[in-house]
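Report on the structure given below.
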Amino acid sequence: MGSRIPTLARAHGARRRGPGGPWLGTEDRSQDHSAFGCDATCLPPTRFLDLFLYPRSLFVSWIGNLGIQTGVYGVGLWAPALLMLVMKVQPEVASFWMIFVNAGSFVGRFIFAWLSEAIGRRLSAGIVGLGAAAATVAAGLYPSAMIGPFSVFGSC
């Protein structure tokens, strides 16, 4: 359910802008194709095998989604166990820490769903990737960093 909410938010935003979606602006240009003597019935049907007409795009999409899903499920499923084994914390504490990780992920999905429409998917994905890399490096370099009385990376 959590992964569908940004999609629903985007669908609501596209419906709010009109039938043409965000790429046609706020004007209704859905009938512009009739100037070419064609309506929706004369378009060729799409087949599953049409996916393979663009192998580079298909490969990038598959590998990108595989990497994203591996990261998401790797963190979500293994992080509490790794926290218990590596940092020697109780299972309750590890689960409690993961509540905040998942809450941050939930909020981040909304923010970056909006941001991808505002500044574009490529730049938004770049910001996410660089932010994740910076956080990983910072966690490795400063494992016991504190902000006030709170541990930044959970190792104190």
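Data overview
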{"item": "Qualifying residue in the stretch 130-152 (condition: in contact (Cβ under 8 Å) with a residue 24 or more places away in the chain and not hydroxyl-bearing (Ser, Thr, Tyr))", "result": "no"}
{"item": "The stretch 24-68, residues that are under 29 Å from ARG122 (Cβ atoms), among the aliphatic types (A, V, I, L, M) and at pLDDT below 65", "result": "LEU24"}
{"item": "Which numbered condition VAL86 fails, given (1) more than 22 Å from GLN69 (Cβ to Cβ); (2) touching a residue at least 24 places away in the same chain (Cβ under 8 Å)", "result": "(2)"}
{"item": "Total residues in the stretch 119-137, condition surrounded by 13 or more Cβ atoms within 10 Å (Cβ to Cβ) and within 21 Å of TRP78 (Cβ to Cβ)", "result": "1"}
{"item": "Residue tally, condition more than 12 Å from the chain's Cα centre (by Cα), surrounded by 12 or more Cβ atoms within 10 Å (Cβ to Cβ) and either without any contact (Cβ under 8 Å) to a residue 60 or more places away in the chain or not in a helix (DSSP H, G or I) (or both), over the stretch 92-118", "result": "8"}
{"item": "Test result for LEU82, in a helix (DSSP H, G or I), farther than 30 Å from SER151 by Cβ, more than 18 Å from the chain's Cα centre (by Cα) and modelled with pLDDT of 85 or more", "result": "no"}
{"item": "Tally of residues being under 15 Å from ASN102 (Cα atoms) and among the aromatic types (Phe, Trp, Tyr) across the stretch 47-79", "result": "2"}
{"item": "Residues of the stretch 44-74 classified as in contact with a helix residue (DSSP H, G or I) (Cβ under 7 Å, 6 or more places away or on another chain) and either outside any helix (DSSP H, G or I) or within 27 Å of ARG109 (Cβ to Cβ) (or both), total", "result": "2"}
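The values are calculated or read from the model by the stated rules, or taken from the named source; none is laboratory data. No experiment lies behind these values; they were computed from the predicted model shown. Don't worry about glycine lacking a Cβ; one is built from the backbone with ideal geometry, like all the others, and counts go over all protein chains shown.
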